[in-house]
Amino acid sequence: MVQQSKREYLEAIRGRYRRAGRVFKKRILDEFCAICGYHRKHAIRLLREGAVKRSRKPGRPSEYGEAERKVFEEIWLAANRPCSVRLKAAVSVWLPSYEQEFGRLERKLKERLAKVSARTLDRLMHPVRRRHGRRGKCGTRPGSLLRHQIPIKTEHSDVTQPGVMEADTVAHCGQSLAGDFVWSLTLTDIFSGWTANYAVWNKGYAGVRDAIAALERRLPFRLRGFHCDNGGEFLNHHLIRYFEEHTMPVSMSRSRPYHKDDTAHVEQKNYTHVRLLLGYERIEREDLITPINELYEAWGLLNNFFSPTLKLTEKSKEGSTYHKKYERPQTPYQRLMDSTEIPELMKTYLTEVFSNTNPFRLRRLIDRQQDEILSTLR
């Protein structure tokens, strides 16, 4: 059959196909494919061509609309674009400050915001994520001198109280490790996820030790354990002596060489707490250390008090598939408030900090500080 005849035949049966029921549509389609030699899917597309599209998707209409999406979008952007599970947990933390910034919300709207599921949030936030959109060198050099004195530890399922910290450093070296430049030290509490950062000039033994001491003074709990990789900035006599001279000595352990999963908690924070702020550019101005540390302090306040995180509670393997279970998302602050190891006086202080901090204003301060630092690097 020539093309002209096929087109004439298609026009003749198209209306009949659209009006027919399921059984007769199948017969018409079978006949059309047999006569014209078309693939079945191609034939269906031809017969449906020009049909009037449905005004809306089939199924129950969504009870969530632009009003809910606007609230979630503001919180999502200010909270550093968390996944839907963490965003759902963040709503109750951010909503009081949202009303201070953008005005009071209706009671029914707040009820809908509270009961939305993570799956519904995925669908609701899809156009927002599309609109806003979605590495560098390693500076770790092995320190072999003291390896035999520091035990290896590969997992931390026995950690049930705050104070056991993972540590790592990030090099702001651009494309070259030569010369002097800024390094960032990251400490992450395994139990709560509480994270602190500090910028240092190079990563000499004394400088890293002093940075750890400065961060330790800010922690809301006692430092009990220190887990690091095999870098020479950690495996040295200065740091071992520092921990041994504590009133209550701090246990020290290290990961296996070339196994980043042994320090997975802090490796993740290297991106969310350092690279998201300062990127991968080379920072070789020593005078920027003070403003970077001020930025880190504000960033830590935002993440520790207002950014829920997931915590793995169980992991099993069936065949080649891993099954993971997580506890409900909480902020590091909430986990510390639930811990019996934190003194009541410290809990009172943390509650006052949380109550007197507006995360939206804090986020604007962080954006200004970040712009000032990055503008000097351009």
Note to self: Which order do you get for 2, 85 if you rank them by accessible area with a 1.4 Å probe, largest at the top?
What the structure shows: 2, 85
Next item on the list: Would you kindly derive the ³J(HN,Hα) couplings of region 219-228 from the backbone phi angles with the Karplus curve 6.51 cos²θ - 1.76 cosθ + 1.60 (θ = phi - 60°), listing them in order in whole Hz, with x for Gly and Pro?
Entry: 5, x, 8, 7, 6, 10, x, 9, 10, 9
Notebook entry, point to check: Given the protein chains as shown and a 1.4 Å probe, how many square angstrom of residue 36 are accessible, to the nearest 10?
Noted result: 10 Å²
Next item on the list: At 0.36 nm per residue, minus the direct Cα-Cα distance, what do residue 325 and residue 312 gain on full extension? Give it in nm, one decimal, please.
Entry: 4.1 nm
Checklist line | Flagged links, alpha-carbon separation over 32 Å, of 88/260; 269/317; 115/260; 325/347; 115/324; 110/347 | finding: 115/260
Item checked: Nonlocal amide H pairs with residue 326, under 5 Å, H built at 1.01 Å -> 313
Check: Here are several values of semi-axes √(5λ) of the Cα gyration tensor in Å: (i) 34, 23, 20; (ii) 31, 27, 25; (iii) 54, 27, 22. Which one was derived from the coordinates shown?
Finding: (iii)
Margin query: To check you understand DSSP bridge types, tell me what percent of the beta bridges within the chain (both residues inside) are antiparallel, rounded to 5.
Written below: 75 percent
Note to self: Per residue, how large is the accessible surface of region 222-378? Use a 1.4 angstrom probe and give square angstrom.
What the structure shows: 55 Å²
Checklist line | ³J(HN,Hα) computed for each position of region 264-281 - Karplus, 6.51 cos²θ - 1.76 cosθ + 1.60, integer Hz, glycine/proline x | finding: 5, 4, 7, 4, 5, 5, 4, 7, 5, 10, 10, 5, 5, 8, 10, x, 10, 6
Next item on the list: Putting +1 on Lys and Arg Cβ atoms and -1 on Asp and Glu Cβ atoms, find which of 164, 199, 5 reaches farthest to the positive end of the dipole of the chain.
Entry: 5
Margin query: What is the sum of charges, Lys and Arg at +1 and Asp and Glu at -1, for the other residues whose Cβ falls under 11 Å from the Cβ of residue 295?
Written below: -4
Item checked: Heavy-atom accessible area order for 110, 317, largest first, 1.4 Å probe -> 317, 110
Note to self: If you average the C-alpha positions of region 289-304 and of region 224-287 separately, how far apart do those two centres end up, in angstrom?
What the structure shows: 17 Å
Notebook entry, point to check: In what sequence, largest accessible area first, do 376, 331, 120 appear using a 1.4 Å probe?
Noted result: 376, 120, 331
Notebook entry, point to check: Whose amide H sits under 5 Å from the amide H of residue 254, counting only residues 5 or more places off or on another chain, with H placed in the peptide plane?
Noted result: 152, 153, 228
Check: Can you give me the Cα centroid spacing of region 176-219 and region 306-353 in angstrom?
Finding: 23 Å
Next item on the list: Could you tell me whether region 339-378 comes out rounded, prolate or oblate from its Cα gyration tensor? Rule is a ≥ b ≥ c as square roots of the eigenvalues, rounded for a/c under 1.5, then prolate if a/b exceeds b/c, otherwise oblate.
Entry: prolate
Note to self: Explain nothing, just compute: Karplus ³J(HN,Hα) = 6.51 cos²θ - 1.76 cosθ + 1.60, θ = phi - 60°, for every residue of region 183-189 in order, whole Hz, x for Gly and Pro.
What the structure shows: 10, 10, 9, 10, 10, 10, 7
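The values are calculated or read from the model by the stated rules, or taken from the named source; none is laboratory data. Source: prediction; values computed, not measured. Cβ: placed from backbone, ideal geometry, glycine included. Neighbour counts: every protein chain shown. To get the accessible areas, we keep the full protein, side chains included, count just its heavy atoms, and leave off ligands, DNA and RNA. Shrake-Rupley method; radii C 1.70, N 1.55, O 1.52, S 1.80 Å.
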